[in-house]
Amino acid sequence: MAEKGVPHAAGGEEGPVPRYWLGAAAIIGCAVALSLSGKLGWQHLSLLVLLWTCLAPQEGPRRFMRDWWPMVSFWLAYDMMRIFSASLFPRVAVDPPFRLESRLFLAPDGTLWPFYFTRWMSRHAGEFYPRVVSGFCNAVYLSHLFGIPVILLVLWLRRSQLLFRRLVWSLTLLHALSLAIYLLYPAAPPWWVYENGSLQPSAQHSMPSGYARGSPLSGLFDLSPNRFAAIPSLHAAYPLLLTLVLVLHGSKPRWIALAAVYTASMWFACVFLNQHYIIDLVIGAGLVFPALFVAARIKSLGS
């Protein structure tokens, strides 16, 4: 529901919206860099839409860039990692996360929980119930790509600007911390260790072998700018941050409960699909709390 008396502008009062020439230059620069590196793909047609929101003759599209630029900045920065992510392969932490997980979170059979679920699925692959669980987990896991953006878009269109700003700016700190860690400490996810042991990833070998070509997760790996960004897990952090910001905002209990169920489902899916260790989720959750502090500081549209 729209907040009464709140104008559409994120900054407080409605006013003229300029053209964002600096934003347009940044978007064009990203496209040029991706093209020169051979990494420009069909998915980058979205850059044309973002360019339009910077320079459109109508104010409506430019309002999007005015309010969404922190999210756009992260999307561009993360996508640009595809240019140099291969240079991080020699520094990818393979053994340390595995050893830490082995000390803290063992499954009943003495293996790690991601490996336990993978072997369980292998034994029961043809059965109905395991296929339902796998399908559910795949759907939840892939919802990470559009879940938060869709929620933000709904809030923005409904002019719930205070909640929108709280989410955007808390996500901005979460993104900044995550990007720094991805660069300083690239980490292998459990699927890599399950398939390759202690082998270091390389430009010739960095893809999982266990997914059929054309499957949802195979397509996700193909598009991913960085396959070794397991720590921290944004899959874990996003829904938890959403839940806590809703609590902070005083949202209706049914929305908080739904976000909490989504959080639990995402955490389970990450481990079940062999995409994250539990420690990845815990570290992602740890970054939520400084981000939540940012949300708490925003008490009005003028904050």
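Throughout, read-outs are computed from the coordinates displayed, never taken from laboratory work. If you're wondering where the values come from, they're calculated on a predicted model, not measured in any experiment. Every residue, glycine as well, gets a Cβ built from its backbone with ideal geometry; the counts of neighbours run over all protein chains shown.
Projecting each Cα onto the charge dipole of the chain (Lys/Arg +1, Asp/Glu -1 at the beta carbon, about the Cα centre), which of PHE74, LEU51, PRO186 comes out farthest on the positive side? Ranked along the dipole, the leading option is LEU51. Each Cα pair under 8 Å and six or more residues apart adds its sequence gap; the mean of these over the residue count of region 90-297 is a relative contact order of 36 percent. At q = 0.12, 0.16, 0.21 Å⁻¹, work out log10 I(q)/I(0) for region 151-285 with the Debye formula, treating every Cα as an identical point scatterer and leaving solvent out; two decimals please. Scattering profile of region 151-285, log10 relative to I(0): -0.56, -0.91, -1.29. With bins 10 Å wide beginning at 0, the percent of Cα pairs of region 94-228 falling in each bin runs 9, 29, 35, 20, 7, 0.
Here the average projected area of the convex hull drawn through the C-alpha atoms of region 22-103 stands at 7.6 nm². So how far, in whole Å, is the C-alpha centre of region 88-139 from the one of region 177-201? Answer, in whole Å: 15. Compactness of region 1-146, taken as the C-alpha radius of gyration over 2.2 N^0.38 Å, stands at 1.55. Debye-formula intensities of the chain, expressed as log10 I(q)/I(0) at q = 0.09, 0.15, 0.16 Å⁻¹, are -0.50, -1.29, -1.41 (one equal scatterer per alpha-carbon, no solvent).
Taking Cβ atoms as reference points and 11 Å as the exclusive limit, the residues near ARG297 contribute a net charge of +3, counting Lys and Arg as +1 and Asp and Glu as -1.
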